[in-house]
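**Student:** Here's a structure for you.
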Amino acid sequence: MITNKLQEVLNNQIKNEEHSSRIYLAMASWCETKGYEGAAEFLYAQADEEKMHMLKLIHYLNDRGGHAQMQALDAPKKEWDGLKKLFEEVLAHEEFITGEINKCYETALNEKDYNTAQFLQWYVEEQVEEESTMNSIIDKMNLAGDSKGGLLQIDMALKKMAGGGGSSSGTEEKA
Ligand code: FEO
């Protein structure tokens, strides 16, 4: 049986993952309306991944005798000032999520719930990959600078990455 304190932080993380999914959906929709087809596909796939992260937590919490509960979410932004700024926000959001996962992990250790700490290890590793993927996308955007051709190439690369299953399958080949 999971402790109340741990249940509370895991429920908060369920909310964080659902919120991430909605933020990426809003970003994907904006990209689609601006003609960034590849970025849109990449972000739709990312939104699906976040939903998967949420579901994994829901099932774990319920399997351990807790009760996963859905919560109210703030509406995501609707507009961005360019593709690079949008991806900088994705990276900042992922850095925030890494901090939140670390809090869950610390709580699991403090509560001496080593099963949950082990379960959360997957999320710790996932965050390293997600931050690395977003950093490499931003690096490429910095290299492209104001070049429209460069941005188009990045958009095409993002389309390939989306087809490869988002951030979890080999950042090197996708970037
Ligand atoms: Fe579920 Fe992007 O962290």
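Only the coordinates and a few stated rules stand behind these numbers; no lab work does. From a predicted model like this one, the values you see are computed outputs, not experimental measurements. Cβ: placed from backbone, ideal geometry, glycine included. Neighbour counts: every protein chain shown.
**Student:** Which members of the stretch 49-61 meet the condition of being in contact with a Phe, Trp or Tyr (Cβ under 9 Å, 6 or more places away or on another chain) and more than 9 Å from the ligand (Cβ to nearest atom)?
**Tutor:** Those that are in contact with a Phe, Trp or Tyr (Cβ under 9 Å, 6 or more places away or on another chain) and more than 9 Å from the ligand (Cβ to nearest atom): Lys56, Leu57, Tyr60.
**Student:** With the structure loaded, tell me whether Gln121 is under 18 Å from the mean Cα position of the chain (by Cα), polar (S, T, N, Q) and surrounded by fewer than 14 Cβ atoms within 10 Å (Cβ to Cβ) or whether it fails that test.
**Tutor:** Judged against the criteria, Gln121 is a match.
**Student:** For the stretch 40-47, does any single residue satisfy the condition of being surrounded by 15 or more Cβ atoms within 10 Å (Cβ to Cβ), farther than 21 Å from Glu126 by Cβ and away from the ligand (no atom under 14 Å from the Cβ)?
**Tutor:** Yes, the conditions are met somewhere in the stretch 40-47.
**Student:** Are any residues in the stretch 94-144 charged (D, E, K, R) and farther than 17 Å from Ile2 by Cα, and if so, which ones?
**Tutor:** Glu94, Glu95, Glu100, Glu125, Glu126, Glu129, Glu130, Glu131, Asp139, Lys140
**Student:** Tally time: how many residues in the stretch 124-154 are in a helix (DSSP H, G or I) and over 19 Å from the mean Cα position of the chain (by Cα)?
**Tutor:** Result for the stretch 124-154: 12.
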